[in-house]
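Right, one structure below, let's go through it.
Values in this text are rule-based calculations from the coordinates and carry no lab data. Here the structure is a predicted model, which means the values were calculated and not measured. Note: ideal-geometry Cβ built from the backbone for every residue, glycine included; neighbour counts use all protein chains shown.
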Amino acid sequence: MPNPARAWREYPQRYRLEAEKCTKCGYIAFPPRLVCPQCGNRKFAKTKLAESGKLLTFTIIRVPPEPFEDQAPYAVGIAELADGVKLTAQVVDCDFAGLKVGMPVRLEFRKLYEEGEAGVIYYGYKFVPE
Amino acid sequence: MRDVAVIGIGMTKWGELWTKSLRTIFVESALLALDDAGVDKIDSMVVGCMSSGLFVGQEHLTSLLSDYLGKNPVPAARVESACSSGGLALRQGFIEVASGMSDVVLVGGVEKMTDVTGCEATFALGTAADQEYEGFHGLTFPGLYAMMAVAHMHKYGTTREQLALVAVKNHDNGSKNPLAQYPFKVTVEGVLQSVLVADPLRILDCSPITDGAAAVVLCPADMAKKMKKPVVRITGCGQATDTIALSSRKDLAWIESTHIAGQKALSMAGRKIGDIDLFEVHDCFTIAEIMITEALGIVEKGRGGKAVEEGLTSLKGKFPVNPSGGLKAKGHPVGATGVAQAVEVVKQLRGEAAERQIKGAKRGLTQNMGGTGGSSVVHVFEAE
């Protein structure tokens, strides 16, 4: 993805956890959408994601895609946040053997990977066990 | 709508075909299907291919493949729905014949995956997931299915051994399929000792990277009867989509798109799941087959692991699943897989499956899936 525009387009979500809440049914869209998948409404109000939740599932990636080659093995999981939003992120600062479905996690701002020596450095959120 | 029949099938040996290009493997299978059907003139062709752009840097397959098949100026379409591109091509061909728009339609699927490194192939396959919100975090396809496996194991108590038994069963079947990429048997111990890819999935839980193609010829059933060919009709066709990101699903241990596509196809055919004699399903990972047997209603929710353990889905079981060896042993050239499933079911219904023949098979079902279930295509086939 050698294009900075593609990276900064997602900054509101990756840096600031900005989401949008459907003005009709309350569905929280992360990332934002133009149409509510729950009720079809097209109006949303800005909101921010809850910063903690619980792990629904996880895995440990042993064979990584190219940009993550120097990081393997690393854990990735899906968590459900306190506001009901479910999202995917790496699980860090943890002992792999201690990972459990249902364990409490919080979102922290971290570095994800860098695009070679002169490319974009990608940041975003990761899960940290509470 | 007109009744649609499959009158020709073609598939060559799958594997790492270093001496052959995408165009060659496609044309070889297409010619086998045309010869099997005994037709030379086609009204249209539809090709399923996921990512010739990323795998070989070639788009515009409509022109390339019709040209090398010697069929210009035939109308041609390429369809893409990740790993269910082949199944979707079959659906589009079916719709074209059923509607009366075309009489003889060649449906093919192709993927040439070994011209790139393993890393590049992993990237290309990863584009079937949400690139900005799954791939961005370092997720791979084995990783996504591993998370589905953990969710299923947590919810239903599915065991690591039950996952391994899917690989053992499909390799047993594949050992009887001379066209399979890996026609050898594996053991539970072998699977459990193979290298970890994404916990709890090991390399022998995963389908391989494969070069391959498959093709079928469709025409109206009335025309097929006049040609005095063994007639296998497509009686049901269903497709459904779901969210691109796994995290957006209501239940991580359930494949809703397969459930809906299956219901649609069975309802069109006027059949129940118990009427089906064999199944070719999308076992891209061992956990996938377990979840698909549940989504199609072969077994109840949560019983997929037990079903393999009890032999329900083995070649001699009540509901044989993946007699061809499945994606696991036969190989998984992503765009070709959905068409190859149709090739196997037609072979079985014609009684031409040799060592892996299911006795007296009259009805078969194929289930082809994209991503983590973001799209599913199901077809029902019946012998006359």
Just to be sure I understand the curve: with the Debye formula and one point per C-alpha of region A:5-129, what is log10 I(q)/I(0) at q = 0.21 Å⁻¹? -1.21
Karplus-derived 3J(HN,Hα), 6.51/-1.76/1.60, for each residue of region A:76-93, Hz, glycine and proline x: 10, x, 10, 10, 9, 7, 4, 8, x, 6, 10, 8, 9, 6, 5, 10, 10, 6
About its Cα centre, region A:5-129 carries a charge dipole, from +1 on Lys and Arg Cβ atoms and -1 on Asp and Glu Cβ atoms, whose size in debye to the nearest 20 is 840
If amide H atoms are modeled at 1.01 Å from N in the peptide plane, then the residues at a separation of 5 or more from B:Ala5, or on another chain, having amide H under 5 Å from its own are B:Cys219, B:Ala221, B:Ile234
Structure shown: which of B:Lys250/B:Lys318; B:Lys13/B:Lys318; A:Lys21/A:Lys43; B:Lys169/B:Lys318; B:Lys225/B:Lys264; B:Lys226/B:Lys359 lie over 20 Å apart, alpha-carbon to alpha-carbon? B:Lys250/B:Lys318; B:Lys13/B:Lys318; B:Lys225/B:Lys264; B:Lys226/B:Lys359
When you look at the Cβ of every residue in A:67-79, what mean number of other chain Cβ atoms sits within 10 Å? 4
Distance in nm between label sites at B:Thr187 and A:Arg6, each 7 Å beyond Cα in the beta-carbon direction? 4.6
Run the numbers for B:Met101 and B:Lys301: contour at 0.36 nm per residue of separation, minus the present Cα-Cα distance, in nm. 68.0 nm
List every residue whose amide H lies under 5 Å from the amide H of B:Ala353, counting only residues 5 or more places away in sequence or on a different chain, with H placed 1.01 Å from N in the peptide plane. none
Please compute the modelled spin-label separation between B:Glu309 and A:Ser52, points set 7 Å along Cα→Cβ, answer in nm with one decimal. 3.8
For chain B, what does -39500 (n - 2.57) per DSSP helix run (n ≥ 4), summed and divided by total residues, give at 222 nm, in deg cm²/dmol to the nearest 500? -11500 deg cm²/dmol
Order B:250-263, B:99-112 from most to least packed using the mean count of other Cβ atoms within 10 Å. B:99-112, B:250-263
GluC sites (Glu not before Pro) restricted to region B:312-364 and DSSP loop, no more than 16 other C-beta within 10 Å: B:Glu352
P(r) over all Cα-Cα pairs of chain B, 20 Å bins from 0 to the longest distance, whole percent per bin, short to long, reads 33, 60, 7
Can you pull the mean other chain C-beta count within 10 Å for peptide B:71-82? 0
Distance in nm between label sites at A:Glu115 and B:Glu120, each 7 Å beyond Cα in the beta-carbon direction? 1.9
FRET efficiency (B:Lys41, A:Cys39; Cβ distance; R0 56 Å; to 0.05) is 0.65
Spelling out what I want: for every residue of region B:298-305, take phi, set θ = phi - 60°, compute 6.51 cos²θ - 1.76 cosθ + 1.60 (Karplus), and round to whole Hz; glycine and proline get x. 5, 10, 6, 3, x, 9, x, x
For region B:261-278, Karplus couplings with θ = phi - 60° (6.51, -1.76, 1.60), whole Hz, Gly/Pro x: 4, x, 4, 4, 5, 5, 5, 5, 7, x, 10, 10, 4, x, 7, 8, 8, 7
If the chain between B:Thr127 and B:Lys225 were fully extended at 0.36 nm per residue, the gain over the current Cα-Cα distance would be 31.0 nm
Applying 1/(1 + (r/R0)^6) with R0 = 30 Å to the Cβ-Cβ distance of B:Thr62 and B:Thr19, what FRET efficiency is obtained, to the nearest 0.05? 0.75
So which lysines can B:Lys228 reach, going by Cα to Cα under 18 Å and dropping same-chain residues fewer than 8 places off? B:Lys41, B:Lys347
